[in-house]
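Remarks on the structure that follows.
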Amino acid sequence: MSGQQKMKLAVLTSGGDSAGMNAVVRSVVRAGILKGCETWIVREGYEGLVRGNVDAQNVNKDPPTIPLPLNGADADLINNLRFGDGELLLDGTGDHPGGRTLIGRYIVRVGWDDVRGWFAQGGTLIGTARSTAFRTVEGRLAAAYNLIKEGIDALVVCGGDGSLTGADVFRSEWPKLIAELRSQGKDMFLPPIARHGHLKIVGLVGSIDNDMSMTDLTIGAPTALHRICEAIDNINSTAASHSRAFVLEVMGRHCGWLALLAGVSAGADFIFIPERPPETNPWEDEMCDAIKRHRKVGKRKTIVIVAEGAHDSLLQPIRAEYVKDVLTDRLGLDTRVTTLGHTQRGGRPCAFDRILPTLQGVEAVNALLEATPEKPSYMIGIRENKITRVPLMEAVAMTRAVADAIAAKDFTKAMSLRDPEFCESLDGFFSTAALYKEKQLPESKRMRVAIMHMGAPAGGMNAATRAAVRYCIRQGHTPIAIHNGFRGLLNDNIHELSWLGVDNWTARGGSELGTNRTLPDVDLGAVAARFQEHNFHALLMIGGFEAFSALMILENGRQYYPAFHIPMVHLPATLSNNVPLTEFSLGSDTSLNALVDACDSIKQSASASRNRVFVVETQGGKCGYLATMGALATGASLVYTPEHGMNLDTLRADVRFLKRRYGLDAKGRSEGRLVIRNETASSVYTTDVVTKMFKEEGGDLFDSRSASLGHTLQGGIPSPMDRARAVRLSLKCMAFLERYHDELQKQPSKVKQAEPESAAVITIQGSTIKWVPVKDMVQHADMKNRRGKTAWWGDIKDLVEALVGRPQLT
Ligand code: ATP
C-alpha cells in the first residue's frame, strides 16, 4: 500500500453469537496487518459503534510497535507488523485482567498479539449485542461520527441477516450521514472527511442456524450441528435401552437446516422443519404411520427432531411437547422431550468453524481493499469448497424471500430458494429415514448392488453404506455387503444387508464391513467369477487411494471379463484426503476434528508449564492435507508436508523465527506453540530430530516436546459433516449406478458392453460435484506417492505461516 494512505479497518460481531466469530476477528486483524492496514475492533456490535469512545484523548494509544529484526525479502513487511500487548481478552465487566482498561471504549485499536489463541474459544470475545439505537438514523449518525473520528474507513461485520441488513443500510446512507455531520459543523473536529466519502463494508455470516441464502454454510452452524449430534448420540443409547422415544427441539426459527442435518447425520425417524411442513394436515397420522413402520421391523428407539420454528401447512406451530403427547397417546411410547437450547451455541468451535472463518476473513480484507463506490457491498460465502463473494443485499433479499414464502404458505417456493445442498439433504433424509416399499422400481430396473469398503477405515464410511442400503431397499434393489474387501469376496464373505441392520451405522466410526488394502489383481479371474456367481449389477466402493486403484484394475479388466461390464463407482473416504481431483474425502473432517481436539489439549499443556514448542506428528502418508488444514485450524506456527519437503535452510529459518517470536512475547507469560509435521515430510528430519533441534536451539527461550497422534486421527465417532456428506454423496452414487444400469439394459445383445464413463469417481471440485471416469483420473494421479498431482491446499501452508507472522523464504 506504499504511497497510499493506510486503510483503517474495523471488525465487529453482531446479533446472536456463534462459534467461529473469534476466528473471524483473528483472521481479519492479522490479514489486515499483513496487507498494511491499521486494525481495530468494535466491542458489543453496532451498540459499540453508536457509543464510541467516551474519552477520545486518552484512549486508543497505538499498541506498542515491536519491529521484528528480520532479514530477507519479507523483512519490510514483517518489520511493520504491530504487536499489541496480547491483553485484549475481556473479563465479564468489559475490563480485562491485564489492566488495560476498556471501560468507556468501544472502538479499540488492536495489534497482532491481541488476537493470539482466540481459535479455541467459543462465542465472541469482543462482545455482541442487539442494538436498538443503530436501527434509528440518529444512532447511525453517531456511529458514522465515531468511526470517522478514529479515521476508520472500512468495516467487516460478522452477524446474521439482520446485522448484514444493518450494514447495507449504513453503507447506502453513508453520504447522507456525512452531509448531516457537515451541516452540524462536526466535520471540523474530524480527520479529513474527504477520504470518508465512501464506507467500505463487507459482511461475513455468523449464524448458528445456517439461515443465509447464497452460501452453503454460515459460521457457527457446523459447531451447533456438532453439539446437537453429540446430544443425539448420547440419547440414542438410553433410548434404545428403554425402547423410548425422544423428541428433541433444536434452534431454527425460519430455517430447518440444523434439524434437517441433525436428522440426516444422527439417523432420526421424523423431522419437522419450517420450509417443508408435513404433507398432510392434520399431520399426526403421517408421523405415527412412519414411526409405527419402524417399530414394526424391530426398531427399539425413536428420535423426532423439531425445529424451533416448525409448523404445519397452515402455519400452526408444532411444539415438542405436543409431539410427545401424540407419541405417548397414539403409539403408547414412553416419550421424553429434550430441549437443547443454548448448549447449541456454546463450546469450542469445531475444525470447520476455525478454517471457514479464517479463509473468509482473509477474503473479506481482500474485498475491502478492492472496494470502490461503484461496486456493491459483498457478503463472503462458500459453495462446496470455494470461498465466494456475493452481493450482500441480494443474499439478504433472498433470505428474506424464504421467510416471506413460508409466511405465504408457498413451501415449494421456500424450498426453491434454499441452496441445492439443503434440498439434496432433504431428499437424503426421506430416502434414508423412511421405510416405504410401495414406491419400488419395476423388476427390470432393480439391481443387486455390491458394497465394499477399501483401504484404512475413515469416518463416514458406515453412514455412506447405511444411506446406500436404505436407498436400495426403498427402490427395490438388493444391497449386498462384501466384507473385508476383495479378500472377503474371494472367501465368499458376503451377505444381504437389511434396513434395520444398518440403523445405528451413522454414528459408528471405523468400518462395519471390514476393510483392507488387497487389490483385485490378487486374482482378477476369481474376482470376476464371484461377480458373476453373485450376479452383481453394480458396485459401490467406499475407500481411499486403494479403491481408486481397484476401480482402475476392474475397468481395465472389462476387456477380459464380461462380469465387470456393470456400473462401478468409487466414493472417496480417507483421512489422508489423497484421492486425485476430489477436494474432500469422507473421513477427512472427522480426522481434522480429532487433530484439533488433541492440539487444543497439547497447546494448553504446552503453555501451562513454560514456553514450549510441541512438534505434533500426523498421519496422511505422502499427502500433506491433514497436516496443512490441521495447522490452519489450530493456528500452528509451522507445518511440514511431504509436498513441500524439509531442508536445512527452512529449518534454520524456522528456528530463527521461533527464537524471535519467543523473544517478543510479553514477559512473565508462558506460551505454547505448535508445529505440525506430516509423518513422511522427510526421512532425515524426523519428528524426533526436529524436536531435539528446537530444544537445543531454544536455549533459555523455549523448550520442545513431541507428540505422535497416530491412529487417534482416524477419529472415534464420525463428525456430523462427514456423516451428512456421506449421505449426500452416497445417494448420488446410487443414482449414477441406476442411470448406467438402465443404459446397459437398453442394449439389445445379451453380452453387455459398459462404457468407460460407467466406472467413475465422485469428486468435489470447487463449487461443484463432478463425475470423473476412472480412466481420466489416471492423468491426475501421482501413483508413486499415492496422491493427486496437484493439491488445492498447496498455498494454505503459506497462509498458515503468514498468519503467525513467519516471513516467507526467498
Ligand atoms: P441472528 O441470526 O442471531 O438473529 P442477526 O444479525 O440476524 O443475528 P438481528 O437482531 O436481526 O440479529 O440484528 C442484529 C442487529 O443488527 C440489530 O440489533 C440492529 O442493531 C442491526 N440491524 C438489524 N436490522 C437492521 C436494519 N434494518 N437497519 C439497521 N440496523 C439493523
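The values are calculated or read from the model by the stated rules, or taken from the named source; none is laboratory data. Just so it is clear, the model here is predicted, and its values are computed rather than measured. Note that each Cβ is placed from the backbone with ideal geometry, even for glycine, and that neighbours are counted across all protein chains shown. We work out accessible area using only protein heavy atoms, side chains counted, and drop any ligands, DNA or RNA first. Shrake-Rupley method; radii C 1.70, N 1.55, O 1.52, S 1.80 Å.
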**Request:** Confirm whether residue 584 is among the aromatic types (Phe, Trp, Tyr), crowded, with 24+ Cβ neighbours inside 10 Å and in contact (Cβ under 8 Å) with a residue 60 or more places away in the chain.
**Result:** no
**Item:** Residues that are of a type in the set (Gly, Ala, Ser) and open to solvent by 10 Å² or more (accessible area, probe 1.4 Å), drawn from the range 450-475
**Value:** 456
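Any idea which of 163, 172 is within 16 Å of the ligand (Cβ to nearest atom), in a helix (DSSP H, G or I) and either surrounded by fewer than 21 Cβ atoms within 10 Å (Cβ to Cβ) or among the aliphatic types (A, V, I, L, M) (or both)? Spell out the reasoning first.
Values: 163 fails: either surrounded by fewer than 21 Cβ atoms within 10 Å (Cβ to Cβ) or among the aliphatic types (A, V, I, L, M) (or both).
Only one candidate qualifies: 172.
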**Prompt:** How many residues, within the range 120-160, are touching an Asp or Glu at 6+ places or on another chain (Cβ under 7 Å), more than 10 Å from the ligand (Cβ to nearest atom) and part of a loop (DSSP other than H, G, I, E, B)?
**Reply:** 4
**Prompt:** Across the range 745-792, what is the total count of residues that are farther than 19 Å from residue 731 by Cα and open to solvent by 20 Å² or more (accessible area, probe 1.4 Å)?
**Reply:** 26
**Prompt:** What number of residues within the range 21-55 are of a type in the set (Val, Ile, Thr), within 14 Å of the ligand (Cβ to nearest atom) and under 16 Å from residue 151 (Cα atoms)?
**Reply:** 2
**Prompt:** Among the residues of the range 16-39 satisfying the criterion of being farther than 17 Å from residue 363 by Cα and open to solvent by less than 10 Å² (accessible area, probe 1.4 Å), which is nearest to the chain's Cα centre (by Cα)?
**Reply:** 19
**Request:** Answer with yes or no whether residue 387 is surrounded by fewer than 19 Cβ atoms within 10 Å (Cβ to Cβ) and of a type in the set (Val, Ile, Thr).
**Result:** yes
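Identify, from the list 620, 557, 543, the residue that is touching a residue at least 60 places away in the same chain (Cβ under 8 Å), in the same structural domain as residue 729 (by TED's automatic domain parsing) and touching a Leu at 6+ places or on another chain (Cβ under 9 Å). Outline the logic, then answer.
Values: 620 fails: in the same structural domain as residue 729 (by TED's automatic domain parsing); 557 fails: touching a residue at least 60 places away in the same chain (Cβ under 8 Å).
Just a single option satisfies the conditions, and that option is 543.
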**Request:** Those residues that are among the aliphatic types (A, V, I, L, M), surrounded by 18 or more Cβ atoms within 10 Å (Cβ to Cβ) and at pLDDT 90 or above, I need them from the range 688-716; list them, please.
**Result:** 690
**Asked** Taking residue 408 and the conditions (1) exposed (fewer than 14 other Cβ atoms within 10 Å of the Cβ); (2) under 22 Å from residue 379 (Cα atoms), which numbered condition does it fall short on, given that it satisfies the others?
**Response** (2)
**Item:** Residues located in the range 298-329, provided they are within 19 Å of residue 242 (Cβ to Cβ), touching a residue at least 12 places away in the same chain (Cβ under 8 Å) and open to solvent by 70 Å² or more (accessible area, probe 1.4 Å)
**Value:** 300
**Complete:** residue 343 passes all but one of the listed conditions (1) within 18 Å of residue 220 (Cβ to Cβ); (2) in contact (Cβ under 8 Å) with a residue 60 or more places away in the chain; (3) open to solvent by less than 60 Å² (accessible area, probe 1.4 Å); the exception is number (3)
**Complete:** Heads up, the helices (runs of 4 or more DSSP H) in the range 458-554 (entirely inside) with at least 3 residues that are under 30 Å from residue 234 (Cβ atoms) are 461-475
**Asked** What is the residue count in the range 533-586 for residues that are more than 29 Å from the chain's Cα centre (by Cα) and within 15 Å of residue 465 (Cβ to Cβ)?
**Response** 2
**Message:** For the range 717-731, check the following and say yes or no: at least one residue is modelled with pLDDT under 95, buried (at least 20 other Cβ atoms within 10 Å of the Cβ), within 29 Å of residue 658 (Cα to Cα) and not polar (S, T, N, Q).
**Reply:** no
**Prompt:** Counting only residues that are surrounded by fewer than 24 Cβ atoms within 10 Å (Cβ to Cβ) and outside any loop (DSSP other than H, G, I, E, B), how many does the range 430-449 have?
**Reply:** 7
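Do the conditions hold for residue 361, that is, is it open to solvent by 50 Å² or more (accessible area, probe 1.4 Å), small (Gly, Ala, Ser) and over 23 Å from residue 724 (Cβ atoms)? Give the derivation first.
Numbers: open to solvent by 50 Å² or more (accessible area, probe 1.4 Å): no; small (Gly, Ala, Ser): yes; over 23 Å from residue 724 (Cβ atoms): yes.
No.
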**Message:** I need the full set of residues from the range 485-529 which are open to solvent by 60 Å² or more (accessible area, probe 1.4 Å) and among the acidic types (Asp, Glu), in order please.
**Reply:** 492, 496, 512, 521, 523
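So how many residues does the range 203-225 have that are more than 15 Å from the ligand (Cβ to nearest atom) and either surrounded by fewer than 24 Cβ atoms within 10 Å (Cβ to Cβ) or of a type in the set (A, V, I, L, M, F, W, C) (or both)?
Of the range 203-225, the ones more than 15 Å from the ligand (Cβ to nearest atom) are 214, 216, 222, 225.
The next check asks that each one be either surrounded by fewer than 24 Cβ atoms within 10 Å (Cβ to Cβ) or of a type in the set (A, V, I, L, M, F, W, C) (or both); those that pass are 214, 216, 225.
The number of residues fulfilling the criteria is 3.
Looking at the range 260-348, what strands (runs of 3 or more DSSP E) fall wholly within it and have at least 1 residues that are within 30 Å of residue 125 (Cα to Cα) and not small (Gly, Ala, Ser)? Walk me through how you get there before you give the answer.
Values: elements: 270-272, 302-307, 335-339.
So the answer is 335-339.
Mind listing whichever residues of the range 365-384 are open to solvent by less than 10 Å² (accessible area, probe 1.4 Å), aliphatic (A, V, I, L, M) and out of contact with any helix residue (DSSP H, G or I) (no Cβ under 6 Å at 6 or more places or on another chain)? Reasoning before the result, please.
In the first step, residues of the range 365-384 are kept if they are open to solvent by less than 10 Å² (accessible area, probe 1.4 Å); the result is 365, 367-368, 377, 379-382.
Still in the list and also aliphatic (A, V, I, L, M): 365, 367-368, 379-380, 382.
Residues satisfying the conditions are 367, 368, 382.
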**Message:** Criterion first (outside the structural domain of residue 113 (by TED's automatic domain parsing) and open to solvent by less than 20 Å² (accessible area, probe 1.4 Å)) does residue 735 satisfy it?
**Reply:** no
**Fill in**
The correct count of residues that are more than 22 Å from the chain's Cα centre (by Cα) and part of a loop (DSSP other than H, G, I, E, B) in the range 587-640 is 4
**Asked** How about the range 641-689: which of its residues are among the small types (Gly, Ala, Ser) and not in a helix (DSSP H, G or I)?
**Response** 645, 666, 668, 670, 672, 681, 682, 683
